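**Student:** Sending over a structure as structure tokens; questions will come in a sec.
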Amino acid sequence: MSTGSGFGKAILFGEHFVVYGKASIASGISKKTTVTLVEGKEPGFKIIDKRPAADGYIEKYAEAQRESVELMNKAVWHLDFDANPVEVTIGGDLYCASGVGASAASCVAMARAVSEHFNLNLNDEQINLCGLEGDKAYAGTPSGIDNTCSTYGGLIFFRKNLDGGSNQMDQITLGKPLNILLVSTGVTTKTKQAVDGVRERKEKDPEYYEPIFDQAEELVILAKDALAQGNLIKVGQLMDQNHTLLQEIRVSHPKLDHLVDLTRENGALGAKMTGGGMGGYMIALFADEETQELAARVCESEGFKVIRARIG
């Protein structure tokens, strides 16, 4: 039996804008997707998905999951699964919904298990490439930030190279640890639809969208400095501003806005949607674990799934 894992992720700043070469900040989180792989009894690459997930998530992404395996195999593995069948079971403690890098985490976890089983000896850079290629089945044109966080973990300043060269990826040293809360709306949405929607609207009305994208870039630069200085008040304020920009490009959702307001009312220093939006997860920042726990219980009392996490 071979195994593999991939971190979930949280984007603190810059989702959607990152697709267009703007800066972003994201982090791997302690929750993971795991994979166990054994020899299969029938030809092919059989997947048994046992991940905890929002209603409809597993079914909605089943076809994309199969396509992701084909993309990773074509780009990196070059294996004949009919001649060498495998059975893959996906699990872990990452609650799967849009916004926490669940698709990239599953790709990274599968890549690591396949590498071990077939003695491919893939290094992290090759595993990261697998994550990027596999994530294309889910996101269409992924920025690369999800698979990077899933592969390496840590807090990352990230910028996509639109010319096809190496992406900028700098580790950020935090001035203070971050107590965060990730709350799922329970609404499953396809990242590709959200990304395509932004692209269509941006192309139709560049005069409206370009200034928003420029503001997002400036905000990330300020956030990088605030995180390094441990200025959590400033970080929270910038998160609030980031959410407003995401609302302006129409990728938020009523449940996301409700959770942002709810966590702010219960002690969050700042809160915003995270990931593709139109459902999925939101993220909130707290000064301490006690306030974080209070807000978590309030969200849970309304029936929402919550991930308590600490960065740094």
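**Student:** Report, by chain and number, residues whose modeled amide H sits under 5 Å from the one on Ile249, excluding near sequence neighbours (fewer than 5 apart, same chain).
**Tutor:** Distant-sequence amide H within range of Ile249: zero hits.
**Student:** Kindly express, to the nearest 10 degrees and within the range 0 to 90, the angle between helix 232-248's C-alpha long axis and the longest C-alpha principal axis of the chain.
**Tutor:** With both axes taken from Cα atoms, the answer is about 80 degrees.
**Student:** Around Leu269, with a cut-off of 12 angstrom between Cβ atoms, what is the net charge of the other residues, counting Lys and Arg +1 and Asp and Glu -1? Intermediate results must be reported in sequence, preceding the final value.
**Tutor:** On the way: positive: Lys176, Lys234, Arg264, Lys272; negative: Asp240, Asp288.
It works out to a net charge of +2.
**Student:** Normalised radius of gyration for the chain, please: alpha carbon Rg relative to 2.2 N^0.38 Å, two decimal places. Don't skip to the answer; put the middle values down first.
**Tutor:** On the way: Rg = 18.8 Å, N = 312, 2.2 N^0.38 = 19.5 Å.
Ratio of Rg to 2.2 N^0.38 Å for the chain: 0.96.
**Student:** Which shape class, rounded, prolate or oblate, goes with the stretch 2-171 when its Cα gyration tensor gives a ≥ b ≥ c as root eigenvalues, a/c under 1.5 marks rounded, and past that a/b bigger than b/c marks prolate? Spell out each step's value before the answer.
**Tutor:** Numbers: a/c = 1.84, a/b = 1.49, b/c = 1.24.
Prolate is the answer for the stretch 2-171, as a/c is 1.5 or above and a/b outweighs b/c.
**Student:** Here's a follow-up. Taking θ = phi - 60°, what integer Hz values does the Karplus form 6.51 cos²θ - 1.76 cosθ + 1.60 yield along the stretch 307-312, in sequence order, with x for Gly and Pro?
**Tutor:** 10, 8, 9, 9, 10, x
**Student:** So, with +1 on the Cβ of K and R and -1 on the Cβ of D and E, and no other charges, what is the size of the charge dipole of the chain about its Cα centre, to the nearest 20 debye?
**Tutor:** Working: 32 positive and 42 negative charges, 57 e Å.
Charge dipole of the chain: 280 debye, to the nearest 20.
**Student:** Sticking with this one: How much mean residue ellipticity at 222 nm does the chain get from its helices, if each DSSP H run of length 4 or more adds -39500 (n - 2.57) and you divide by all residues, to the nearest 500 deg cm²/dmol? Intermediate results must be reported in sequence, preceding the final value.
**Tutor:** Numbers: 10 runs with 135 residues, N = 312.
Value at 222 nm, helices only, nearest 500: -14000 deg cm²/dmol.
**Student:** Taking H placed 1.01 Å from N in the peptide plane, check which residues at least 5 places from Lys305 or on another chain put their amide H under 5 Å from its amide H.
**Tutor:** Ser184
**Student:** Of the peptides 167-175, 90-98, how do they stack up when ordered by the mean number of other Cβ atoms within 10 Å, highest first? It would help to have the intermediate numbers written out before the result.
**Tutor:** Working: 167-175: 14.3, 90-98: 23.0.
So the order, starting with the most tightly packed, is 90-98, 167-175.
**Student:** Picking from Asn73, Asn128, Asn84, which is most flexible by a Gaussian network model of the chain using Cα springs under 10 Å?
**Tutor:** Sorting by GNM fluctuation, first place goes to Asn84.
**Student:** Dipole of the stretch 205-312, Cα-centred, from +1 at each Lys and Arg C-beta and -1 at each Asp and Glu C-beta, to the nearest 20 debye? Walk me through the intermediate numbers first.
**Tutor:** Values: 10 positive and 18 negative charges, 92 e Å.
Approximately 440 debye in magnitude.
**Student:** Taking the 0 to 90 degree range and rounding to the nearest ten, how far is the long axis of helix 254-265 tilted relative to the main principal axis of the chain, both from C-alpha atoms?
**Tutor:** Value to nearest ten degrees: 60.
**Student:** So, one more: Can you work out the Karplus-derived ³J(HN,Hα) for every residue in the stretch 102-109? Use 6.51 cos²θ - 1.76 cosθ + 1.60 with θ = phi - 60°, whole Hz, and x for glycine or proline.
**Tutor:** 5, 5, 5, 4, 5, 5, 5, 4
**Student:** Quick one: angle between helix 62-72 and the longest Cα principal axis of the chain, in degrees between 0 and 90, rounded to 10, please.
**Tutor:** Taking the Cα atoms of the chain, the angle to 62-72 is about 70 degrees.
**Student:** Next up: GNM, the chain, Cα, under 10 Å: largest mean-square fluctuation among Ser143, Ser103, Ser30?
**Tutor:** Per the Cα network of the chain with a 10 Å cutoff, Ser30 tops the list.
**Student:** Okay, next question. Once you have a ≥ b ≥ c as the square roots of the Cα gyration tensor eigenvalues for the stretch 178-311, tell me rounded if a/c is under 1.5, and otherwise prolate or oblate according to whether a/b is larger than b/c. List each step's numbers first, then the result.
**Tutor:** Details: a/c = 2.50, a/b = 1.32, b/c = 1.90.
Oblate, since a/c reaches 1.5 and b/c is not below a/b.
**Student:** Which ordering of Leu122, Leu269 is given by a fewest-first count of other beta-carbon atoms within 10 Å?
**Tutor:** Working: Leu122 18, Leu269 21.
The fewest-first ordering by Cβ neighbours comes to Leu122, Leu269.
**Student:** Starting from the 7 Å offset along Cα-to-Cβ, what nm value, one decimal, do you get for the label separation of Glu59 and Asp205?
**Tutor:** Using points 7 Å along Cα→Cβ, the separation is 3.5 nm.
**Student:** Considering only DSSP beta bridges whose two residues both sit in the chain, what percent are antiparallel, to the nearest 5? Mind dumping the intermediate values first?
**Tutor:** Working: 44 of 50 bridges.
Percentage antiparallel, nearest 5: 90.
**Student:** Summing Lys, Arg as +1 and Asp, Glu as -1, what charge do residues with Cβ under 9 Å from the Cβ of Ile180 carry, Ile180 excluded?
**Tutor:** Values: positive: Arg308, Arg310; negative: none.
Local charge sum for Ile180: +2.
**Student:** Another question, if that's okay. For Ile11, Ile48, Ile307, which order do you get if you count the other beta carbons within 10 Å of each Cβ and list the fewest first? Please list the in-between numbers first.
**Tutor:** Details: Ile11 28, Ile48 10, Ile307 22.
Neighbour counts put them in this order, fewest first: Ile48, Ile307, Ile11.
**Student:** I would also like to ask the following. Let me know the shape class of the stretch 50-147, please: from the alpha-carbon gyration tensor, a ≥ b ≥ c as square roots of the eigenvalues, rounded when a/c is under 1.5, otherwise prolate if a/b is greater than b/c, or oblate.
**Tutor:** Numbers: a/c = 1.65, a/b = 1.37, b/c = 1.20.
Prolate, because a/c is 1.5 or more and a/b exceeds b/c.
**Student:** Would you list Cys107, Cys130 from fewest to most Cβ contacts within 10 Å?
**Tutor:** Details: Cys107 35, Cys130 28.
If I rank by nearby Cβ atoms, fewest first, I get Cys130, Cys107.
**Student:** Would you mind computing, in nm to one decimal, how far apart the modelled labels at Arg310 and Asp93 are, each placed 7 Å from Cα along Cα→Cβ?
**Tutor:** Using points 7 Å along Cα→Cβ, the separation is 1.3 nm.
Each reported figure results from applying straightforward, stated rules to the coordinates on display, with no laboratory input. Keep in mind that what you see is a predicted model, and the values were worked out from it rather than measured. So basically every Cβ, Gly included, is an ideal-geometry build from the backbone, and we count neighbours across all protein chains shown.
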